[in-house]
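The values are calculated or read from the model by the stated rules, or taken from the named source; none is laboratory data. If you're wondering where the values come from, they're calculated on a predicted model, not measured in any experiment. Every residue, glycine among them, receives a Cβ derived from its backbone with ideal geometry; neighbour counts consider all protein chains shown.
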Amino acid sequence: MISANSESHSLSIALVGECMIELQEVEPGRIQQTFGGDTLNTAIYMARLREIFPARIDYVTALGCDGFSAQMIKFWEAEGVGSDLVQRQEGALPGLYYIQLDGNGERRFSYWRGEAAVKKCFEYSGGQKILDQLAQYDGVYLSGISVAVLTPTSRTLLFDRLVQLVRSGTKLFLDYNYRPHLWTAEISIAETYQNLLSICDTVFVGLDELMEIHGISSEAAGHEYLARQGVRESVIRSGADPCSICLAGDAIIVNAERDVNVVDTTAAGDSFSGAYLLARNSGCSIETAARIAHTMAAYVIGFKGAVAPLDKMPDFAALVHDAKG
């Protein structure tokens with residue numbers, strides 16, 4: 001496994017979530033198998049920018065001791081994502097999802113998560129050690145999916161630890177990534193998000209999510225609400241439309257890439273968030289970080305699957321150089 005302490009970096013981020021087996025229908029009668037998951041996708045696209053923005057990127061999850069689990073760890077290690085914070089559990093398995101696409105590249109997902117090890121991630125014998133190790137990182141990143149797939153016990157253990165970490169100076173980053181089917185009826189969804197918002201530094205969200213969870217119908221009202229909850233920097237994404245970013249009461253609109261060839265929108269938001277966060281926490285302005293994020297998302301949606309070909313990635317070094325003048 002890649003060691004979390006093998007190199008000296010200026011920035012360190014631990015991403016919490018679930019890596020799954022991905023099956024995608026690439027053409028009628030032919031299926032391609034790879035791996036993905038929202039926060040893992042974010043971790044991979046962060047790692048791909050490390051030559052420009054030096055960083056240590058590690059993944060926090062639980063997997064089984066099966067062949068698929070071993071393969072997925074090798075998969076993300078090859079991308080430069082560390083695996084020291086991964087627990088392996090006998091008898092457990094990773095989750096699986098199947099992607100079907102319509103003619104416009106929009107996705108329809110089917111999921112199988114019944115035996116997924118990640119659900120009890122922080123209840124296993126090594127769970128407390130993982131939570132303790134998060135103090136080594138500058139930031140922790142998670143999503144609504146990361147939270148929703150956990151059992152109530154693991155969720156409480158994680159939330160309690162995040163509060164301690166934030167009080168000690170760790171930054172918490174949240175992508176709403178709201179998936180209604182993952183939430184059980186006994187959980188107050190709005191309250192769960194509000195609890196996270198109160199300790200968040202940066203939040204990524206769509207206006208549709210703000211409307212569905214909080215009844216907020218405009219970007220201005222969304223930024224105001226998030227700021228009242230304690231969020232320092234809020235990013236409202238809108239797909240191919242401009243994103244709206246608010247810091248200290250000032251909102252900035254940054255246009256998305258134009259004339260993009262949309263093949264598959266999988267991981268568009270995940271890659272956007274990863275690129276934006278890494279750029280911002282490496283000293284880039286809001287405008288530069290948003291342009292980098294839009295460029296990353298435009299690249300990702302030009303290919304099928306969550307992880308686009310590395311050799312087709314745009315020249316982000318030139319983009320950063322041009323932005324600096």
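What to note about this one:
- Counting only residues that are within 30 Å of A317 (Cβ to Cβ) and either touching a strand residue (DSSP E or B) at 6+ places or on another chain (Cβ under 7 Å) or in a loop (DSSP other than H, G, I, E, B) (or both), the stretch 54-106 holds 20 of them.
- Criterion violated by R56 - all others in (1) charged (D, E, K, R); (2) over 30 Å from S282 (Cα atoms); (3) at pLDDT 95 or above; (4) touching a Gly at 6+ places or on another chain (Cβ under 9 Å) satisfied: (2)
- Just one residue in the set R280, R232, R258, R228 is more than 30 Å from L23 (Cβ to Cβ), among the basic types (K, R) and modelled with pLDDT under 95; that residue is R258.
- Taken together, the residues in the stretch 241-268 that are buried (at least 18 other Cβ atoms within 10 Å of the Cβ), farther than 21 Å from A220 by Cβ and either more than 20 Å from the chain's Cα centre (by Cα) or of a type outside the set (A, V, I, L, M, F, W, C) (or both) amount to 2.
- Highlighted here are the strands (runs of 3 or more DSSP E) found entirely within the stretch 232-305 that include at least 3 residues which are of a type outside the set (S, T, Y) and within 16 Å of Y176 (Cβ to Cβ): 233-237, 243-247.
- Among (1) touching a residue at least 12 places away in the same chain (Cβ under 8 Å); (2) out of contact with any Cys (no Cβ under 9 Å at 6 or more places or on another chain), the one test that V254 misses: (2)
Let's see how each residue does on (1) of a type in the set (S, T, Y); (2) under 19 Å from the mean Cα position of the chain (by Cα); (3) farther than 19 Å from G274 by Cα:
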site	(1), (2), (3)
E115	no, no, yes
S125	yes, no, yes
D138	no, yes, no
S143	yes, yes, no
S168	yes, no, yes
Y178	yes, yes, no
H181	no, yes, yes
E186	no, no, yes
Y193	yes, yes, yes
